[in-house]
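Enquirer: Right, I'll just put the structure down here and ask away after.
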Amino acid sequence: MMQRTRPGEAISKRRTAMALAVLSSCALTVGATGTASATAGEHHGTPRSNYVALGDSYTSGPLIPTQVDANCARSDHNYPSITANQRKVTSFTDVSCGGATTAEMWQAQGTNGPQLDAVKRDTDLVTVQIGGNDVGFGSIISTCAGLSAQDLSGNPCQRYYGAAGYDQLTLKILQTAPKVARVLRAVHAKAPHARVVVVGYPDLLPDDGTGCYPTVPFAAKDFPYLRDTEKHLNVMLRAVALLNRADYVDTYGPTVGHDMCKAPADRWIEPLRPTSPAAPAHPNAKGEEAMAQALVKTLGRGAGHR
């Protein structure tokens, strides 16, 4: 006997399907157009002179030695600092700050002024890694960890975020897209000649969907759900970069196999109880180095490579 679907449920399911279709189509669009734009927009230049780094804690590098800004938990061995050193830039300004959302591009965060204030007319390279806190990285981790005890072999976290009939995290990602786009437009307006690069987020959980409870205290079937949620976030960032004249750096691919479930010697992302100097569920020094090398590789290709 077929189960009847109430009108409200049908609408919610259609909304979820449409949201996932948008994310999938974004991925296809990027894949289809990336090579063509690289050929058209490429210019093999020398390292940029005036570099400004914007971003959240994945950029700032909390607890990684040496910390140079206690307010923002900023390290001098985060990926922007490594990139600036390797490219021997003339001027380098890092205003990334732990806990930053897109709102902090325009408003102060403690002693850290609005991040966009650092972008000047003569800035010619800007990297941006933002959006994770808009989606709610921290609250998602704490919520899913708290729910895991209800059903260790199931997906209590996925059920929680889907209780309304649609996936709340997919919706949050879609709602974050215009916020990131606004940031990129503001960067272009302040530095019209700058090369703007959006940096994606590294691989946090096993790419094959396996779990590692209790090292990472999520239920077994929530691991692939949260993995896919991060992938959707990165697809969104790539698409927004493409649509707003920015390059995109994939840091997920280069960090696969070094997620927080791996042994301490192999992981570049620390679990909720770190064994290397880093914040929980954040890149350690090796992770920041890996992101730096992905960024340097992209910069070396010239503009237009997404």
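Just so it is clear, none of the values below were taken in a lab; they were calculated from the coordinates. Please read these numbers as outputs of a predicted model, since none were measured by experiment. Positions of Cβ are generated from backbone atoms using ideal geometry, with glycine treated the same way; all protein chains shown enter the neighbour counts.
Enquirer: How long are the three semi-axes of the equivalent ellipsoid of segment 130-232, in whole Å, if each is the root of 5 times an eigenvalue of the C-alpha gyration tensor, listed from largest down?
Expert: Sorted largest first and rounded, they come to 32, 15, 10 Å.
Enquirer: Considering every pair of different Cα atoms, what Kirkwood radius, in Å, is found for segment 82-201?
Expert: Over segment 82-201, the inverse of the mean reciprocal pair distance is 16.6 Å.
Enquirer: Which of the trypsin sites (Lys or Arg not before Pro) across segment 68-162 are loop residues per DSSP, with 15 or fewer other Cβ within 10 Å?
Expert: LYS88, LYS120, ARG121
Enquirer: Given just the C-alpha atoms of segment 91-130, how large is their convex hull per residue in cubic angstrom?
Expert: Residue-normalised Cα hull volume stands at 72 Å³.
Enquirer: Magnitude of the Cβ-charge dipole of segment 129-283, K/R +1 and D/E -1, about the Cα centre, nearest 20 debye?
Expert: 660
Enquirer: Net charge around GLN67, counting only other residues with Cβ within less than 11 Å of its Cβ (Lys, Arg = +1; Asp, Glu = -1)?
Expert: Details: positive: ARG74; negative: ASP69, ASP76.
Computed value for this residue: -1.
Enquirer: Over the Cα atoms of segment 179-306, compute the convex hull volume and normalise it per residue, giving Å³.
Expert: In segment 179-306, the Cα convex hull volume per residue is 110 Å³.
Enquirer: So, in Å, what gap is there between the alpha-carbon centers of segment 237-265 and segment 88-161?
Expert: Centre-to-centre distance over Cα atoms comes out at 14 Å.
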